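Reviewing the structure listed below.
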Amino acid sequence: MKVMIRRSEQGKLSAYVAKKDLEEAIIDMENPDLWGGKVTLANGWQLELPAMAADTRLPITVEARKLA
């Protein structure tokens, strides 16, 4: 699913899923640089993000996979 990742002015990361009209804070990351691992959203969803360079500029839309 397409997910837009962005950083707020306060430095907090969030994910927006357009098909679900859902925006949630990212509360946990498997990898400290965000990419190539699992992230947990505030609503409990877990998404697997693609591997990308640590200095990838935000906001960006990526193809993520929702984990059960």
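The values are calculated or read from the model by the stated rules, or taken from the named source; none is laboratory data. The structure presented is a predicted model; accordingly, all values stated were derived computationally and were not measured. Cβ coordinates were reconstructed from backbone atoms using ideal geometry, including for glycine residues, and neighbour counts include every protein chain displayed. Heavy atoms of the whole protein, side chains included, go into the accessibility calculation; ligands, DNA and RNA do not. Shrake-Rupley method; radii C 1.70, N 1.55, O 1.52, S 1.80 Å.
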Taking the residues in region 52-68 that are free of Cβ contacts under 8 Å to residues at least 60 places away in the same chain, within 14 Å of VAL3 (Cα to Cα) and in a loop (DSSP other than H, G, I, E, B) as candidates, determine which candidate is least open to solvent (accessible area, probe 1.4 Å). LEU58
Would you check if MET4 is in contact with a Phe, Trp or Tyr (Cβ under 8 Å, 6 or more places away or on another chain) and among the aliphatic types (A, V, I, L, M)? yes
Return only the number of the condition from (1) open to solvent by 40 Å² or more (accessible area, probe 1.4 Å); (2) in a loop (DSSP other than H, G, I, E, B) that TRP35 does not satisfy. (1)
So is SER8 of a type outside the set (A, V, I, L, M) and surrounded by 16 or more Cβ atoms within 10 Å (Cβ to Cβ) or not? no
